[in-house]
Amino acid sequence: MLIQSSNPLNGSALIFPALECIHIVGFALSIGTIAILDFRLLGLGLKRQSVAELAKDLAPWTLAGLAIMLLSGPAMFSSDPDMYYLNISFQIKMVLLLLAIVFNYTIHRRVTLKGALPQQSKLVACVSLALWMGVMAGGLFIGFVGDAIPR
């Protein structure tokens, strides 16, 4: 079954779902590795390895996941820009994604590589987890929430 469209993603019933799966794999890889590090900051598991060692070991996997996510996301967006751009859930996801990435590569990185007081580490971990959970929730609700601005 072919769908007529100028965008190649809309040309087959299987291309967009396959791209969506790739996007989810990128999310799972990046957010999963960040969550592992956050749980370590909270004192939950992986105590044989220091936070700094764990951060260095997980960094390439986190970056790979972010790369997959940041390459597949715009491709998905291109399939129906108006639907995404006007969707309030998408808008919230994009703001939280920007905040989460900036937080991850500034404050979070400083705390994980250089250390901090236990209370500061726990606060950073909780903020990180909250931001990334917000990004995931925003993505999940894109299909269920309407436009922020009526067409």
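The values are calculated or read from the model by the stated rules, or taken from the named source; none is laboratory data. Only a predicted model underlies this, so the values are computations on that prediction, with no experimental measurement involved. Neighbour counts run over all protein chains shown; Cβ positions are idealised from the backbone, glycine included. Remember, those area values only see protein heavy atoms, side chains included, never the ligands or the DNA or RNA. Shrake-Rupley method; radii C 1.70, N 1.55, O 1.52, S 1.80 Å.
Magnitude of the Cβ-charge dipole of the stretch 50-116, K/R +1 and D/E -1, about the Cα centre, nearest 20 debye? Working shown, then result.
Values: 5 positive and 4 negative charges, 72 e Å.
Computed charge dipole of the stretch 50-116: roughly 340 debye.
Given N residues in the stretch 39-93, what is Rg(Cα) / (2.2 N^0.38 Å)?
Working: Rg = 17.1 Å, N = 55, 2.2 N^0.38 = 10.1 Å.
Its radius of gyration relative to the 2.2 N^0.38 Å reference: 1.70.
Taking square-rooted eigenvalues a ≥ b ≥ c of the alpha carbon gyration tensor, is the stretch 63-119 rounded, prolate or oblate, where a/c under 1.5 means rounded and, failing that, a/b exceeding b/c means prolate?
Working: a/c = 5.33, a/b = 2.19, b/c = 2.44.
Cα axes put the stretch 63-119 in the oblate bin.
Write out the chymotrypsin sites (Phe, Trp or Tyr not before Pro) in the stretch 79-151 meeting two conditions: DSSP loop, and at most 15 other Cβ atoms within 10 Å of their Cβ.
Details: sites: 84, 85, 90, 103, 105, 132, 141, 144; in loops: 144.
For chymotrypsin sites (Phe, Trp or Tyr not before Pro) across the stretch 79-151 that sit outside H, G, I, E and B with at most 15 neighbouring Cβ atoms in 10 Å, the list reads 144.
Ignoring any ligand, DNA or RNA, what whole percent of the accessible area of the chain comes from carbon and sulfur when the probe is 1.4 angstrom? Each step should come with its number before you reach the end.
Working: 6580 of 9070 Å².
Accessible surface attributable to carbon and sulfur in the chain totals 73 percent.
Pull up the cross-link candidates among the lysines for residue 56, meaning alpha carbon to alpha carbon under 25 Å and not fewer than 8 places away within one chain.
The qualifying lysines are 47, 114, 122.
Excluding ligands, DNA and RNA, what is the solvent-accessible area per residue of the stretch 3-151 at a probe of 1.4 Å, expressed in Å²? Mind dumping the intermediate values first?
Values: 8760 Å² over 149 residues.
About 59 Å² of surface per residue is accessible.
Rg and Dmax of the chain over Cα atoms: what are they, in angstrom?
Spelled out, the Cα radius of gyration and Dmax of the chain are 17.7, 59 Å.
Taking the chain as a Gaussian network, where each spring joins two C-alpha atoms under 10 Å apart, which residue of 12, 78, 30 fluctuates the most?
Largest GNM mean-square fluctuation: 12.
Once you charge only the Cβ atoms, +1 for Lys and Arg and -1 for Asp and Glu, what is the size of the charge dipole of the stretch 39-151 about its Cα centre, to the nearest 20 debye? If you can, show how the numbers build up before the last one.
Working: 10 positive and 5 negative charges, 133 e Å.
So the dipole magnitude of the stretch 39-151 works out to roughly 640 debye.
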